[in-house]
Amino acid sequence: LSLLIHSLTHLRLPQLPYINNRKPSHSYISQIQTHIFSTIPPQEMGFGFWGRVILALFLLLQASSLWLPFLQQAEAAAATAKPNKRSMLKGRKQANGCNLFQGRWVIDPSFPLYNSSSCPFIDSEFDCQKYGRPDSLYLKYSWRPDSCNLPRFDGVDVLKRWSGKKIMFVGDSLSLNMWESLSCMLHASVPDAKTSFLRRDSISSVVFQDYGVTLLLYRTPYLVDIVKEDVGRVLKLDSIQAGKAWLGMDVLVFNSWHWWTHKGDSQAWDLIQDGATRYQDMDRLVAFYKGLTTWGRWVDLNVDPTKTKVFFQGISPTHYL
């Protein structure tokens, strides 16, 4: 969450790398996000742009069935391999002179950026220390690029820069994690600031009233609608009526994927509807592609890129292990 912080005008949300098969704490978000904003020109934000994004995600997920079993081996090899010159140059070009993705994890004694026990916005189930996790070194890891230094998160600066603005995270529990982490980081920077906190099933908010900054979360794992009908819960691949709640934001950060793979008791729908046709089930990658195409079309038709920045989080290979 750090360039949603250093500049919050050019954000790219990175994936959380693993250390000894464990995700780094939310303190990583505070650092890397503050320096991972890449500019997307307004003219690139049309359907052609989002169409390419959706297609790339679809192809990546198709390939994932082949490479995911070897992910850990690949990560271990990457840690000792020599950097690829071409990819490094491309990364540097994208990040204004710094390849943010070529670097290493280091211990930073000043971390974490907030104490989970003193943050009023974090869900108790995400407070590992509260539930007795015996180690705490994982809270101290900081990402250090080889070719530049990441600026330290400055919550007061973020609040001043984004005075009067609304930032909404839309998606599943990954968006929930991002929303809670940013809220806790800002709260730690201004612990005495007046805030209001509203938590509901679909939409939640944290308002830093002294600065007029509102952080919102809209829970919708599929982005497209699930409608309760006589036949049961219908996942409608071509409908986003819930999108009315996303209008008027200054920043929209979306994510979706893991729920598309759920089956059995964890599946949130009973039927899939594509156009006028209903299915008991279909290829989940195809359904995801159709749903994300609907989302991309919604963005094109409803969001003015000169007023609202739109970002789509990458897909984590694993979750809650």
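Summary table
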quantity	calculated
Residue selected from region 123-149 under the condition of a type in the set (Gly, Ala, Ser) and outside any loop (DSSP other than H, G, I, E, B), by the criterion farthest from Phe197 (Cα to Cα)	Ser142
Search result, residues across region 257-281 that are of a type in the set (Ser, Thr, Tyr) and modelled with pLDDT under 95	Thr261, Ser266
Out of Val253, Val227, sole residue that is crowded, with 20+ Cβ neighbours inside 10 Å and either touching a residue at least 12 places away in the same chain (Cβ under 8 Å) or in contact with a strand residue (DSSP E or B) (Cβ under 6 Å, 6 or more places away or on another chain) (or both)	Val253
Tally of residues being within 28 Å of Ile240 (Cβ to Cβ), buried (at least 17 other Cβ atoms within 10 Å of the Cβ), touching a Ser or Thr at 6+ places or on another chain (Cβ under 8 Å) and in contact (Cβ under 8 Å) with a residue 40 or more places away in the chain across region 189-223	12
Evaluation of Arg152 against (1) closer than 16 Å to Ser181 by Cβ; (2) part of a helix (DSSP H, G or I) (one fails), failing number	(2)
Filter pass, Ser266 being within 29 Å of Asp123 (Cβ to Cβ), surrounded by 13 or more Cβ atoms within 10 Å (Cβ to Cβ) and not hydrophobic (A, V, I, L, M, F, W, C)	no
Qualifying residue in region 137-153 (condition: in contact (Cβ under 8 Å) with a residue 24 or more places away in the chain, of a type in the set (Gly, Ala, Ser) and over 30 Å from Ala242 (Cα atoms))	yes
Boolean, Arg152 is within 18 Å of Phe311 (Cβ to Cβ), surrounded by 14 or more Cβ atoms within 10 Å (Cβ to Cβ), charged (D, E, K, R) and out of contact with any Phe, Trp or Tyr (no Cβ under 9 Å at 6 or more places or on another chain)	no
Looking only at region 269-281, and only at residues there that are in contact with a strand residue (DSSP E or B) (Cβ under 6 Å, 6 or more places away or on another chain) and outside any strand (DSSP E or B), the one that is surrounded by the most Cβ atoms within 10 Å (Cβ to Cβ)	Trp269
Total residues in region 162-188, condition assigned to a helix (DSSP H, G or I) and either crowded, with 19+ Cβ neighbours inside 10 Å or modelled with pLDDT under 95 (or both)	15
Some residue of region 161-174 being polar (S, T, N, Q) and within 25 Å of Glu125 (Cα to Cα)	yes
Qualifying positions in region 127-143 - under 27 Å from Leu252 (Cα atoms) and either acidic (Asp, Glu) or surrounded by fewer than 16 Cβ atoms within 10 Å (Cβ to Cβ) (or both)	Asp127
From Arg233, Arg284, residue being of a type in the set (D, E, K, R), at pLDDT 95 or above and surrounded by 15 or more Cβ atoms within 10 Å (Cβ to Cβ)	Arg284
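The values are calculated or read from the model by the stated rules, or taken from the named source; none is laboratory data. A quick note: this is a predicted structure, and the numbers were derived from the prediction, not measured. FYI the Cβ positions are ideal-geometry reconstructions off the backbone, even for glycines, and counts take in every protein chain you see.
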